1. So, in region 10-59, how many residues would count as being crowded, with 22+ Cβ neighbours inside 10 Å, in contact with a Phe, Trp or Tyr (Cβ under 7 Å, 6 or more places away or on another chain) and either in a helix (DSSP H, G or I) or of a type in the set (Asp, Glu) (or both)?
2. Can you tell me which condition Ile175 does not meet? The list is (1) in contact with a Cys (Cβ under 6 Å, 6 or more places away or on another chain); (2) at pLDDT 95 or above, and all the others hold.
3. Can you tell me which residue in region 180-193 is surrounded by the most Cβ atoms within 10 Å (Cβ to Cβ), limited to those that are within 18 Å of Arg34 (Cα to Cα) and in contact with a strand residue (DSSP E or B) (Cβ under 9 Å, 6 or more places away or on another chain)?
4. Hey, does region 52-61 have a residue that's within 30 Å of Pro172 (Cβ to Cβ) and of a type in the set (D, E, K, R)?
Amino acid sequence: MEFKDSKTAGNLAKAFAGESQARNRYTYYAEVARKEGLEHVANIFEETAWNERAHAQVFYDHMIENMGPGVSYVDATYPIGESDTATNLMYAAEGEREEWEVLYKNFGDIAEEEGYKAIAVSFRNIAKVEMEHERRYLELYELVKNEKFFARDEEKEWKCINCGYVYVGETPLNICPTCKYPKAFWEIKTRDH
């Protein structure tokens, strides 16, 4: 059987299309988060969009390597929807869960059965990333939904992501005293990055 006739070829096309669409959805969701004053969440959506672009590239490269140039037919369903940031975070988490728990697990198993070990490894590795995306989206969802993103139960170090000013408190300041940027630009400072 030629690669183009394998289930793996079709699964790569579906994965490429799905990752490409997720990238755009996350870019749209970032715009919504930014309008709602959630700059950090917008940045997470944009970072994840770049991850999805990289995943799409991996799948695209496998298609080119195994089929060469040509046309690939895609027959699959993809989620659409846009709402407030909390709802968008839940949409995103659900999509990531389906990718790691169902799609890429199955696609990896099929690729392995058909003898495409490198492709199976790619599906499994990307599934691990999608699991992390889901975890992060669910954590952000809880914070946004419960209006805890800018209000914590204990003092935290808040960093202005525009100028780097650090403030300690349960909530960030409404305006950064250094650069005058609004509360939207505060995030909890971390030590590991």
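1. Final tally of qualifying residues: 13.
2. Unmet condition: (1).
3. Only one residue fits best here, namely Trp186.
4. Taking every residue of region 52-61 in turn, at least one turns out to be within 30 Å of Pro172 (Cβ to Cβ) and of a type in the set (D, E, K, R).
The values are calculated or read from the model by the stated rules, or taken from the named source; none is laboratory data. Since this is a predicted model, take the numbers as computed values, not measurements. Using ideal geometry, Cβ is built from the backbone for each residue, glycine included, and neighbour counts are taken over all protein chains shown.
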